[in-house]
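All remarks here apply to the structure that follows.
The values are calculated or read from the model by the stated rules, or taken from the named source; none is laboratory data. Please read these numbers as outputs of a predicted model, since none were measured by experiment. Virtual Cβ from ideal backbone geometry, glycine too; neighbours counted across all protein chains shown. Heads up: the accessible areas ignore ligands, DNA and RNA and are worked out on the full protein's heavy atoms, side chains in. Shrake-Rupley method; radii C 1.70, N 1.55, O 1.52, S 1.80 Å.
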Amino acid sequence: MIQGETNGPLLSVRGVTHMYGKRIGCADVHFDLYPGEVMGIVGESGSGKSTLLNCLAGHLVPDRGEVLFEMRDGAVKDTVTMSEPERRMLGRTDWAFVHQHARDGLRMNVSAGGNVGERLMAVGARHYGGIRAEAVDWLDRVEIAESRVDDRPTQFSGGMQQRLQIARNLVTGPRLVFMDEPTGGLDVSVQARLLDLLRGLVREMGLSAIIVTHDLAVVRLLADRLMVMKDGQVVETGLTDQVLDDPQHAYTQLLVSSVLQV
Amino acid sequence: MMDLRENGPETATEMTDYNFAYLDEQTKRMIRRAILKGLAIPGYQVPFASREMPMPYGWGTGGVQVSAATLTPEDTFKVIDQGADDTTNAVSIRKFFERTAGVATTEETSKASVIQTRHRIPEEPLREDQILVYQVPIPEPLRFLEPSEVETRKMHSLEEYGLMHVKLYEDISRHGAIATAYAYPVKVEGRYVMDPSPIPKFDNPKLEMAAIQLFGAGREQRIYALPPWCRVVSLDFEDYPFEASKADAPCDLCGADDSYLDEVIMDDSGTRMFVCSDTDYCASRRAAGHVGAQGAIEQEGAA
Amino acid sequence: MIEIEGVAKTFTLHNQGCVVIPVMQGATLSVARGDCVGLIGASGAGKSTLMRMIYGNYLAAEGRIVVDGVDVVQAPPREILALRRETLGYVSQFLRVVPRVPTLDVVAEPLLVLGVDAEVARNRARALLTRLRIPERLWALSPTSFSGGEQQRVNIARGFAHDYPALLLDEPTASLDAANRDTVLELIEEAKARGAAIIGIFHDEAARERVCDRVVDVSAYTPRAA
Ligand SMILES: Nc1ncnc2c1ncn2[C@@H]1O[C@H](COP(=O)(O)OP(=O)(O)O)[C@@H](O)[C@H]1O
Ligand SMILES: [Mg+2]
Ligand SMILES: [Zn+2]
């Protein structure tokens, strides 16, 4: 991936901890993500992947820790302590969130065009023709025919819904994309198409991304780096192929040898 | 600006069965506080503890409670239902306040000091000594696209109104134009997006007026308000600007070409005519000698 | 260009009673620009393991592996990724690609990630595929459905798309016919001529003779059982 201009990390995660009562969601997570990097988070179900992702994306408030984000002007801000309006603004401009279930990330009673256009309108676009043209352009980029622009997502297949979700998220040119099991529930050929699309977009737009998945094939294809979680803790990190081909931690070795059904 | 004198129980002597205007004093004070808050934050939906009224929801219990808290014994009260003073709904609300508050009532817009309305703004410009009370079925303009109350409140507080334009976008993409003809959303004082109640969008420009406007939603327990001459902008797109449209015809009775018209089917053969929806406006124009295309015929027949 | 010093490797099998398997110790070698060094040694001696450590695919237990100034043993993932992008190419024994991506783009990708213009990158890919005798009608298809030999040639084309200053080649001529084997050796000679430092594993002795300036027997670094 092409590195961005700045030298600092886009995202610095420092000691992020989230508890559900006495139970650990995720504990003391540290990492830096640089512009253009794609990081995968793997681990079995319940290992804390989604909890961490939601803490990073501002959907959950961590009990401890900092999530430092480099804003467009170069200033570094802790998104945990920034004001809610500012965080929500990031949520619809600089960040994108692709949900596992399209229904969580789409407005099912709004046309495909309206779904893609929403973020544009949210940041002040007020020219119908312009919004629609941009929506059509984005539908094309995610391989949805222009003729479907007025159809609702309920009329789309699962793979198309995911692609629509991606278009809806990327239309404002975000810098950081969060994905929670983006290919979960799709059959293999549909997954492949989606992965290919994501790889292309990540490269063309110079996106940074954090992808949560339990599918090791997905991270091998998409992620530069990997973080392995177990019981809310990070047990291993490194280059994706290194972690998968020469795992150091007992748990990762189990995971890779697919003894574990994750 | 607004006359919010307390109406002590002594004013209700002739109505032994009821408190003045039906509601007890404490409730009216609570509603007045909500109204004042609404006026202080134009377009903001103030929650209030809606009371049971002796009429079903949908009959304007929100408007009735606001009227009850607003009326004084000296007031002259008018009720219109889609512009007309003589529908069952309008008549029963008028009767209700005649009985419970003993106030004078009128059908003449200019003589009324408090006007309760369902789905219209009178054609005659209102004055600063008048109050217009709207009955509101659904106060939340974002409800159509966002069912969660928690989320819509947050959207209002953070001024996240992109969704409002999504609704208009959907309109254009489906109908080729903004098809929303009623309850057309507005932005108030550059801050809150507000549902003006299901008035025709023809009435939207009139929302900037001299009179105080109060909006009451009974079932949803919300009150909101527009102080006089508050800035009210109808949402639109640059290439699909807002238009305050109406049927492209003059009133067949009074000839008015500037009033909102109802289309009325006259007989079994489908003869139709356009008449002012504001019955008082039409009547006073005809009294002043204005005659529309079919108004003359009617007079002949009457003669 | 490539400096290897005192490199050791052990595998710890946590889930098999924590067996620790030492596989390499004290590996030392250096490759200058324009040089090609062949790794030899019996099967299982650690040729591929050493090559994978140089690429950062396996984690070294000890020692230094410095490629163009970057110590792969210590460098954070980001630096290794940059090194792989710009400096260090690797032709593995097996092609690993995203399904559905056309062969032409598979080959052009190393240039695309460097920001090379898409048409320039595809032209380079076309030239390499032509030289390696991949019929043009296959270019638009994903190589996942190709024969083993075809996949290997696509893999080589991809590995030579960018003029890497350092190259790791794991049996690049295995399973190729004579003509294609000759083309691959030509490509290696051209890379050497432009100054690439190359480490290769060749079972084919004649090929080794032709391109390697010297050989290193990795059995020398096999740890002696204590
Ligand atoms: N809302 C919740 N309330 C209580 N515990 C939760 C909640 N969500 C997750 N957990 C617990 O936190 C841990 C991490 O879960 P999660 O983040 O969902 O993992 P993953 O995404 O890796 O499947 C698990 O023990 C899980 O049971
Ligand atoms: Mg999860
Ligand atoms: Zn008239």
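Here are a few things to note about the model shown:
- Computed about its Cα centre, the charge dipole of chain A is approximately 700 debye, with only Lys, Arg, Asp and Glu carrying charge at their Cβ.
- Percent of C-alpha pairs per 10 Å bin, the protein assembly as shown, short to long: 2, 11, 17, 17, 14, 11, 9, 7, 6, 4, 2, 0, 0
- Shielding by partners - mean other protein chain Cβ count within 10 Å, residues of A:238-246: 6
- In the protein assembly as shown, helices alone account for a calculated mean residue ellipticity at 222 nm of -10000 deg cm²/dmol, with every DSSP H run of four or more residues adding -39,500 (n - 2.57).
- Expressed as a fraction of 2.2 N^0.38 Å, the C-alpha radius of gyration for chain B is 1.04.
- Centre-to-centre, using Cα atoms only, segment A:23-59 and segment B:146-189 are separated by 34 Å.
- As a length-normalised measure over Cα pairs under 8 Å and 6 or more apart, the relative contact order of chain A settles at 26 percent.
- The rule of thumb for compact globular proteins, 2.2 N^0.38 Å, goes into the C-alpha radius of gyration of segment A:108-262 1.20 times.
- Buried accessible surface for the C/A chain pair comes to about 2400 Å², total over both chains, computed with a 1.4 Å probe.
- Segment B:139-207: GluC sites (Glu not before Pro) in DSSP loop, at most 13 other beta carbons within 10 Å: B:E159
- The B and A chains share an interface that buries close to 2000 Å² of accessible area, total over both sides, probe 1.4 Å.
- Peptides A:41-52, A:82-93, A:103-114 ranked from most to least packed, by the mean per-residue count of other Cβ atoms within 10 Å: A:41-52, A:103-114, A:82-93.
- Diffusion of segment C:126-226 by Stokes-Einstein, at 20 °C in a medium of 1.002 mPa s and with Rh set to the Kirkwood radius over alpha-carbon pairs, works out to 144 µm²/s.
- Dipole magnitude of segment B:247-291 about its Cα centre (Cβ charges: Lys, Arg +1; Asp, Glu -1), debye to nearest 20: 200
- Heavy-atom accessible area per residue - segment A:102-173, 1.4 Å, Å²: 36
- Considering only A:G158, A:L60, A:V219, and ranking their Cα positions along the charge dipole of the protein assembly as shown that arises from unit charges at the beta-carbon of Lys, Arg, Asp and Glu, the one farthest toward the positive end is A:V219.
- With 26 Å as the limit, the listed pairs B:K78/B:K187; B:K187/B:K246; B:K167/B:K187; A:K22/A:K49; B:K154/B:K187 have B:K78/B:K187 beyond it between alpha carbons.
- Projecting the alpha carbon convex hull of chain A along each direction and taking the average yields 14.1 nm².
- Here the relative contact order of segment A:102-173, from alpha carbon pairs under 8 Å that lie six or more residues apart, stands at 47 percent.
- Taken along its principal axes, the alpha carbon cloud of chain C reaches lengths of 57, 37, 35 Å, longest axis first.
- Apportionment of accessible area to carbon and sulfur, the protein assembly as shown, percent (1.4 Å): 50
- Each other residue within a Cβ distance under 14 Å of C:R122 adds +1 if Lys or Arg and -1 if Asp or Glu, for a net charge of -2.
- Accessible surface, per residue, of segment B:247-291 when the full set of protein chains is kept, probe 1.4 Å, Å²: 53
- Computed from the C-alpha gyration tensor, the three semi-axes of the ellipsoid equivalent to segment B:136-193 are 20, 12, 12 Å, from longest to shortest.
- Segment B:247-291, Rg to Rh (Cα coordinates; Rh as Kirkwood inverse mean 1/r): 0.99
- Applying a DSSP loop filter and a limit of 15 other Cβ atoms within 10 Å to the GluC sites (Glu not before Pro) in segment B:52-110 leaves B:E52, B:E74, B:E108.
- Accessible area per residue for segment B:69-175 is 36 Å², calculated with a 1.4 Å probe on protein heavy atoms, without ligands, DNA or RNA.
- Kirkwood radius, segment B:146-303, all distinct C-alpha pairs, inverse of mean reciprocal distance: 18.3 Å.
- Normalised by the number of residues in segment C:1-133, the mean separation of alpha-carbon contacts (under 8 Å, six or more apart) gives a relative contact order of 20 percent.
- Diffusion constant of segment A:102-173 at 20 °C, which comes from Stokes-Einstein with the Kirkwood Cα-pair radius and 1.002 mPa s, µm²/s: 184
- Dipole axis of chain B (+1 Lys, Arg; -1 Asp, Glu on Cβ), positive-most option in B:T279, B:P56, B:T105: B:P56
- For segment A:102-173, with +1 on Lys and Arg beta carbons and -1 on Asp and Glu, the positive-most of A:G124, A:V136, A:A112 along the dipole: A:G124
- Sparse-neighbour loop sites [trypsin sites (Lys or Arg not before Pro); segment C:120-226; at most 15 other C-beta within 10 Å; DSSP]: C:R133, C:R194, C:R224
- Solvent-accessible area lost in complex, 50 Å² minimum, residues of segment A:101-126 relative to chain alone, 1.4 Å: A:R107, A:M121, A:R126
- Computed magnitude of the charge dipole of the protein assembly as shown (debye, nearest 20; Cβ of K, R +1, Cβ of D, E -1): 2200
- A loss of 40 Å² or more of accessible area (1.4 Å probe, protein heavy atoms, ligands and nucleic acids excluded) relative to the isolated chain is seen in these residues of segment C:1-50: C:H14, C:N15.
- Alpha-carbon centroids, segment A:135-184 and segment C:20-84: separation in whole Å: 42
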